[in-house]
Amino acid sequence: MFAVIPKTPLVSRTVHINKAALTETLKSFLNDKTNRRCYHEVVGDVLTPSQVMGIDHLRDPRLNKGLAFTLEERQALGIHGLQPARYKSQEEQLELCKISIENYQEPLNKYLYLSELHDRNEKLFFRLLSENIERLLPIVYTPTVGLACQRFGLIYRRPHGLFITINDKGHVADVLRNWPEPDVHAIVVTDGERILGLGDLGACGMGIPIGKLSLYTALARVKPHHCLPICLDVGTDNQALLEDPTYIGLRQRRARGAEYDEFLDEFMAAVVQRYGQDTLIQFEDFGNANAFRLLEKYRNKYCTFNDDIQGTAAVALAGLLASNRKTGKKLSDHKFMFFGAGGAALGIADLCVKAMEREGLSESEARNRIWMIDIDGLVTKDRTQLLGHQGFYAKDHAPEKDFLKLINEIKPSILIGASATGGAFTPEVLRSMASFNERPIVFALSNPTAKAECTAQQAYDHTEGRVIFCSGSPFPDVNYNGKVYHPGQGNNAYIFPGVALGVIVAGIHHIIEDYFIIAAQTVADNVREEDLEKGSLYPPLGFINECSLQISTLIIADAYKNGKATVYPKPADIRKFVESKLYSHYYEESLPKTWKWPDPPEIKTKSLTPKTKTTTS
């Protein structure tokens, strides 16, 4: 392929390059699979033992077992001598990982340690995460993932997903083909415009899809090679990032309007072209102006959902359903006040309406029980512009911006914060809620923690300890009047991994709202009395794996019942069927299996004699 250049004296000369010939040579080189190496040494589920030998077993995170390779494996694979003599089981490695991560004091350093572990030993990473979810979920997800996104330009090391830019418009399918995995079933995509409560982080928002898909595997055991994080880099309106020398994205203002919509249309079509109609596309942290609009545009054309709208709604509804056991009321008995009227608040309101309809209210009756406040005050019908579904909850009421005045006038029994306005639930607001409710329900759902509308301690202190509290970010235990409460976190991780698992396993093409009600009810049903007594409206985080299995099983059962599943025949035992599709984070034998053949029967064979050559005269 390469010409041999004879040795010549070092002199100045002009070299003429035949660009056409060079291009053909490069194409030939790239098409010759023996001359290039994939991102991973293996793809998919199947490893052909003869394909990977030697040090590649240590370099590939899917194959690497660290010091858990046995002596026989080390010798047979050609890695003997590349490691110290000690053998360590996966259990021993897990204990060392726990010690190592606790040696770091700063959450971001713990995040970096886990990221590095993921890069070198995939099975160990996912086992560590899934078996220690209560300790590690705040590291790989909220609140630490927000800090990781803010510093993504500094901590970026190697590709964990695809960056597709607006400049690639017209070639999105070509970029997708560069991902080495041919069998992607789930994509989490963001354009980085509204990362948590941190605002426009542009390409640095990639930390969110990476973190979400890690939880797909850790909490629902979706196979990691079935998952693809994607950041759609359409620019950023964050001036500080545009001027930041460490920023890794396009240094240009956000594309909007027709150009943006055409780019999104091309992306959705390219995903289906590359991976199929049943590829799950989860939208994450899109701006309010686009989130609802894109969900409505694509939900009946593609297999898609928006976790900020629908996942948040389901986990909030789960908490509200569990709270019924404390108040003795139905959902339809309550009056709701939302502080914040963006995508998350509207998603919760819409799902609560559907739940109240199931209890017997009409749609209009259910919507009338929901009031909303945003930056401009109470959402009223005389506004000239209403975002998304805000019009469904607009009231015939005079404009009013005084939050406390509205609380005292409307007297809600449920107060839900989804505003990213830290401290919005003041002591006066909380005391008012307690003055006309025996058990006031207060959900401070904004995250990260600094954006929460109030802390758990404040909620208990200013309601005489009678509050039923839930937050979007984790809070420490609360001590009130000598009793210790463990406030539960309304974490979307209770919902989206299980929904995704069910959709993927059954080959569902469109995700309906009923699936999120199923998920919410399942989570609520798993809340024990002892959890409620401790002040939590959710099961322990360590129980999410079981919740995910139950959610997926019930969604698949519903999909078969209503003709939404495309995987046939229908399994006799859906739970066992789901379990057969799960990822295993335990080490497996690295050597090919060997087996014996039976001894052949005794058969006497004829002697082998050469034939005599005959001649003719």
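The values are calculated or read from the model by the stated rules, or taken from the named source; none is laboratory data. Worth saying up front: this structure is predicted, and the values here are computed from it rather than measured. Every residue, glycine among them, receives a Cβ derived from its backbone with ideal geometry; neighbour counts consider all protein chains shown. These accessible areas exclude ligands, DNA and RNA; they are computed on the full protein's heavy atoms, side chains included. Shrake-Rupley method; radii C 1.70, N 1.55, O 1.52, S 1.80 Å.
For the stretch 557-613, what does the equivalent ellipsoid look like in terms of its semi-axes, each the square root of 5 times an eigenvalue of the Cα gyration tensor, given largest first in whole Å?
Working: eigenvalues 591, 86, 30 Å².
Each semi-axis is √(5λ); the values are 54, 21, 12 Å.
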Where only protein heavy atoms count, and the probe is 1.4 Å, what is the accessible area per residue for the chain in Å²?
-> 48
Using θ = phi - 60° and the Karplus form 6.51 cos²θ - 1.76 cosθ + 1.60, what ³J(HN,Hα) does each residue of the stretch 180-188 get, whole Hz, x for Gly and Pro?
-> x, 7, x, 10, 7, 10, 9, 10, 10
Under 15 Å, Cβ to Cβ, from S419 - net charge with Lys/Arg +1 and Asp/Glu -1 | -1
Please get the size of the charge dipole for the stretch 303-401, origin at its Cα centre, with Cβ charges of +1 on Lys and Arg and -1 on Asp and Glu, quoted in debye to the nearest 20.
-> 400
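How large is the dipole of the stretch 272-318 about the Cα centre if only Lys and Arg carry +1 and Asp and Glu carry -1, each at its Cβ, rounded to the nearest 20 debye? Intermediate results must be reported in sequence, preceding the final value.
Working: 5 positive and 6 negative charges, 54 e Å.
So the dipole magnitude of the stretch 272-318 works out to roughly 260 debye.
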Net charge, N408 excluded, C-beta distance under 15 Å - Lys, Arg +1, Asp, Glu -1 | +1
Highest mean first, what order results for 253-260, 411-418, 185-192 on Cβ atoms within 10 Å?
-> 185-192, 411-418, 253-260
Going by alpha carbons, how many degrees (0 to 90, nearest 10) lie between the helix axis of 122-131 and the longest principal axis of the chain?
-> 30
For G417, residues with placed amide H under 5 Å, excluding near neighbours | F339, F443, A444, L445
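Where does the chain land at 222 nm, in deg cm²/dmol rounded to the nearest 500, when only DSSP H runs of n ≥ 4 count, each adding -39500 (n - 2.57), divided by all residues?
Values: 25 runs with 247 residues, N = 617.
After summing the helix terms and dividing by residue count, I get -11500 deg cm²/dmol.
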Report, ordered by chain and residue number, the aspartates and glutamates lying within cross-link reach of K330, taken as a straight Cα distance under 13 Å and ignoring same-chain residues fewer than 8 apart.
-> E357, E359
Folded to 0 to 90 degrees: helix 207-220 orientation relative to the chain principal axis, Cα = 80
Roughly how many percent of the accessible protein surface of the chain is carbon and sulfur, given a 1.4 Å probe and a whole-percent answer?
-> 53
Would you mind checking the pairs K561/K581; K110/K212; K297/K581; K65/K110 and listing those with alpha carbons more than 24 angstrom apart?
-> K297/K581
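About its Cα centre, how strong a charge dipole does the chain have in debye, to the nearest 20, once Lys and Arg get +1 and Asp and Glu get -1 at the Cβ? Don't skip to the answer; put the middle values down first.
Details: 71 positive and 74 negative charges, 407 e Å.
Once rounded to the nearest 20, the dipole reads 1960 debye.
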Which values, in whole Å and largest first, are the semi-axes of the equivalent ellipsoid of the stretch 222-311 obtained as the square root of 5 times each eigenvalue of the Cα gyration tensor?
-> 25, 16, 13
Under a Cβ-Cβ cut-off of 9 Å, what is the net charge of the residues other than D308 that fall near it, where Lys and Arg count +1 and Asp and Glu count -1?
-> -2
Where does the Debye-calculated log10 I(q)/I(0) of the chain sit at q = 0.05, 0.10 Å⁻¹, using only Cα point scatterers of equal weight, no solvent?
-> -0.27, -0.94
Between helix 513-525 and the chain: long-axis angle, C-alpha atoms, 0 to 90°, nearest 10 = 80
Overall form of the stretch 176-233 per C-alpha gyration tensor (a/c, 1.5; a/b vs b/c) | oblate
Pick out, in residue order, every one of the chymotrypsin sites (Phe, Trp or Tyr not before Pro) in the stretch 533-589 that is DSSP loop and has at most 15 other C-beta atoms within 10 Å; say none if there are none.
-> Y586
For the stretch 506-617, what is the convex hull (Cα atoms) projected area averaged across all directions, in square nanometres?
-> 18.8
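In cubic angstrom, how much convex hull volume per residue do the alpha carbon atoms of the stretch 393-492 span? Walk me through the intermediate numbers first.
Values: hull volume 9.9 nm³, N = 100.
Cα convex hull per residue, to the nearest whole number: 99 Å³.
For the ranges 426-436, 199-209, 370-380, what's the packing order if you count other beta-carbon atoms within 10 Å of each residue, average per peptide, and put the highest first? Please list the in-between numbers first.
Details: 426-436: 17.6, 199-209: 26.0, 370-380: 19.9.
Highest mean packing first, the order is 199-209, 370-380, 426-436.
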